[in-house]
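The next block holds one structure in the form of structure tokens; read it before the comments.
The values are calculated or read from the model by the stated rules, or taken from the named source; none is laboratory data. Note that the structure is predicted; figures quoted are calculated from it, not measured. All Cβ positions, glycine included, derive from the backbone under ideal geometry; neighbour counts span all protein chains shown. Surface areas here come from the heavy atoms of the whole protein model, side chains and all, with no ligands, DNA or RNA. Shrake-Rupley method; radii C 1.70, N 1.55, O 1.52, S 1.80 Å.
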Amino acid sequence: MVEFSKVNLKDIEEDDEGEEEGEEVESAPPLKVGEEREIGSNGLKKKLMKRGLNWETPQFGDEVTVHYVGSLSDGSIFISTRASNEPFTLKLGRGDIVIGLDHGIVTMRRGEVALFTLPPELAYGASGRAGIPPNAVVQLEVELLSWITVVDVCKDGGIIKKILENGEQIGPPGDLDEVRVNYKAMLVDGTIVADTRDEGVEFYIKDGHFCPALVKAIKTMKKGERVNLVVQPQYGFGEVGKKSNELPSIPPKSTLSISAELLSFKRVIDITGDLKVKKKVLREGEGTVTANEGAAVTVRYKAMLEDGTVFERKGIDGEQPLEFITDEEQTIVGLDRAVSTMKKNEYALVTISPEYGFGSTEVKQDLAVVPPSSTILYEVEMLDFVREKAPWEMSNAERIEAAAWKKEEGNQLFKNGKYQRAAKKYDKVLQAADYVGEDGYLTGDDEKVVKSLRVSCWLNGAACSLKLNNFGEAINLCSKILDVESCNVKALYRRAQAYMGISELHSAEMDIKRASEADPHNREIKLIQKSLKQLQAESNRRDAKLYKAMFPSTSKDASTAAKRLKTGEDDTRDEYVSAMEAGNASVDQAASDTTAKT
């Protein structure tokens with residue numbers, strides 16, 4: 001029959017006094033064999049008789065197995081486990097022998113032998129016990145044989161985990177990971193209610209399995225770790241229980257004992273942050289360096305539909321592997337993003353949602369047709385890659401040269417209408433510019449070049465943001481320019497556009513006014529000024545309607561003014577639309593022309 005522990009939070013909590021004493025011992029020099037030292041300030045003394053192994057020590061709440069011999073000051077023995085050769089198992093912090101001894105054992109290492117001298121208040125006190133007189137100082141010689149670490153998983157006594165065997169330094173698994181676990185669950189009377197046998201069972205953590213306690217415990221385990229779990233009903237099957245056709249049913253309000261081993265797990269990584277491109281690592285790669293955006297990669301893969309239909313192969317069965325540059329739209333976005341996170345010789349299964357795959361169109365591939373809106377899978381192996389140099393790996397000259405190239409690439413992408421990719425290129429220019437001078441060498445000419453690169457890329461980045469309706473980012477980028485060049489007409493012009501995009505018409509008016517003062521004959525400024533006036537007129541009409549709806553009994557003058565605005569609305573509509581179309585066309589052309597020039 002399985003042995004159940006009585007769950008008591010006080011049994012597994014460390015008191016403050018115990019923690020302070022442990023800290024004092026740990027900060028002191030290690031005891032030498034034969035040396036004695038007082039532990040803490042309560043009179044407990046420890047004399048080291050034999051060194052232990054390693055540096056790990058048990059904690060309060062752990063279950064330790066010891067041999068011990070108790071004697072009085074005159075040398076008479078009142079208890080001994082060695083006499084019967086039966087070690088004793090106790091839970092630290094509960095005072096199963098005497099509470100003072102627990103504070104001594106938490107300073108011991110596996111295999112250590114120590115002699116503890118306990119004053120009466122830490123031993124048997126004023127009353128004593130059979131064979132021990134009142135107020136007796138006692139000595140306990142202890143050999144720490146082993147211990148089981150006990151963890152209160154949820155900090156409420158609902159899941160108590162006893163670590164029977166420590167695992168490797170791999171883990172614990174995360175919510176998305178796939179695990180293989182071997183477990184057996186029993187009732188209090190020893191009835192087996194679940195058993196996966198030796199081969200275990202595979203499942204994803206996020207999907208759950210068997211009962212909540214099992215998953216919660218696995219999320220605290222390392223690969224190869226073996227544990228025993230004592231599970232209270234709220235983390236098992238609660239008030240309902242569980243019926244089973246093959247094994248005995250689990251009655252309501254049942255406490256369970258679950259022995260479990262985390263056999264292995266595969267990491268699953270959310271590449272895009274929205275769970276639409278996930279990478280399950282089937283085989284870890286070499287080292288810690290991964291490919292990156294702009295890396296030249298060589299991969300082999302098998303591409304499949306969810307039903308297993310293979311629609312493309314590269315580098316398999318005599319096929320040539322695929323070589324491409326990441327972040328250059330040379331393959332589908334999902335595969336590109338996943339490959340740029342892989343290490344050399346890493347093997348992974350990549351799951352790609354339609355948004356990052358082939359979208360809503362049907363696509364003919366080498367071996368099969370990919371239906372519209374298909375989720376697709378790639379078994380990918382990274383054969384080799386050459387990373388793009390990071391800014392911190394370059395010299396100043398290399399940084400400036402790389403920044404200039406990236407800027408030209410961004411300009412070309414903008415002309416081709418690829419605004420998101422263009423914006424990323426401009427970001428890379430700014431990253432490289434930020435590192436210029438990091439090595440302490442920066443000439444005056446370099447400073448001018450870097451400033452010019454920053455301003456032009458902020459401007460061009462703002463143009464991209466406007467095209468993508470990311471008005472907040474456009475405002476942010478233009479404001480950076482205006483911090484260093486307060487009368488930059490292009491920055492004022494584009495920030496005004498962005499303010500108009502979020503209906504901050506007063507802020508837009510202020511920027512247009514400043515731009516007009518700096519360049520009174522600028523055609524684009526005049527056009528956007530006209531568009532702004534139309535937007536303000538439309539805003540005033542909306543406000544008038546709202547005011548009238550909120551206050552129907554307004555004065556006659558207010559009603560007449562509102563009526564006049566309404567009468568003029570139809571006459572000005574065509575003029576307003578024409579002006580906006582002309583203004584927007586001019587804005588687009590100006591952004592394109594300016595990007596090409598800068």
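Numbers at a glance
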{"read-out": "Qualifying residue in segment 438-461 (condition: among the basic types (Lys, Arg), open to solvent by less than 80 Å² (accessible area, probe 1.4 Å), touching a residue at least 12 places away in the same chain (Cβ under 8 Å) and assigned by the TED database to the domain that holds residue 423)", "value": "yes"}
{"read-out": "Residue within segment 188-199 that is in a helix (DSSP H, G or I) and either at pLDDT 95 or above or not aliphatic (A, V, I, L, M) (or both) present", "value": "no"}
{"read-out": "Test for residue 570: is it modelled with pLDDT under 50 and open to solvent by 70 Å² or more (accessible area, probe 1.4 Å)", "value": "yes"}
{"read-out": "Residues of segment 275-307 that turn out to be on the phi < 0 side of the Ramachandran plot, among the aliphatic types (A, V, I, L, M), open to solvent by 20 Å² or more (accessible area, probe 1.4 Å) and not in a strand (DSSP E or B), as a count", "value": "1"}
{"read-out": "Whichever residue in segment 146-183 is touching a Gly at 6+ places or on another chain (Cβ under 7 Å) and surrounded by 20 or more Cβ atoms within 10 Å (Cβ to Cβ) and, among such residues, is nearest to residue 212 (Cα to Cα)", "value": "181"}
{"read-out": "Identity of the residue in segment 317-340, in a loop (DSSP other than H, G, I, E, B) and open to solvent by less than 50 Å² (accessible area, probe 1.4 Å), that ends up farthest from residue 282 (Cα to Cα)", "value": "327"}
{"read-out": "Tabulated pairs, segment 519-536, first assigned by the TED database to the domain that holds residue 504, second among the hydroxyl-bearing types (Ser, Thr, Tyr), C-beta under 7 angstrom, 6+ apart or interchain", "value": "524/493; 524/586; 525/493; 525/516; 527/586; 528/493; 529/516; 534/576"}
{"read-out": "Scope segment 383-433; condition within 31 Å of the chain's Cα centre (by Cα), open to solvent by 40 Å² or more (accessible area, probe 1.4 Å) and not acidic (Asp, Glu); matching residues", "value": "383, 386, 387, 389, 392, 418, 419, 420, 424, 431"}
{"read-out": "Contacts under 7 angstrom Cβ, first residue in segment 229-247 being over 20 Å from residue 217 (Cβ atoms), partner small (Gly, Ala, Ser), 6 or more apart", "value": "241/249; 241/254; 243/249; 247/194"}
{"read-out": "Pairs with Cβ under 8 Å, 6+ apart, first in segment 85-101 and over 16 Å from residue 59 (Cβ atoms) and of a type in the set (Gly, Ala, Ser), second open to solvent by less than 70 Å² (accessible area, probe 1.4 Å) and assigned to a loop (DSSP other than H, G, I, E, B)", "value": "100/42; 100/119; 100/123"}
{"read-out": "Single residue of 9, 90 found to be of a type in the set (A, V, I, L, M, F, W, C) and at pLDDT 90 or above", "value": "90"}
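Yes/no per residue for (1) at pLDDT 95 or above; (2) outside the structural domain of residue 163 (by the TED database); (3) within 30 Å of residue 152 (Cα to Cα):
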position	(1), (2), (3)
15	no, yes, yes
30	no, yes, no
48	yes, yes, no
72	yes, yes, no
99	no, yes, yes
112	yes, yes, yes
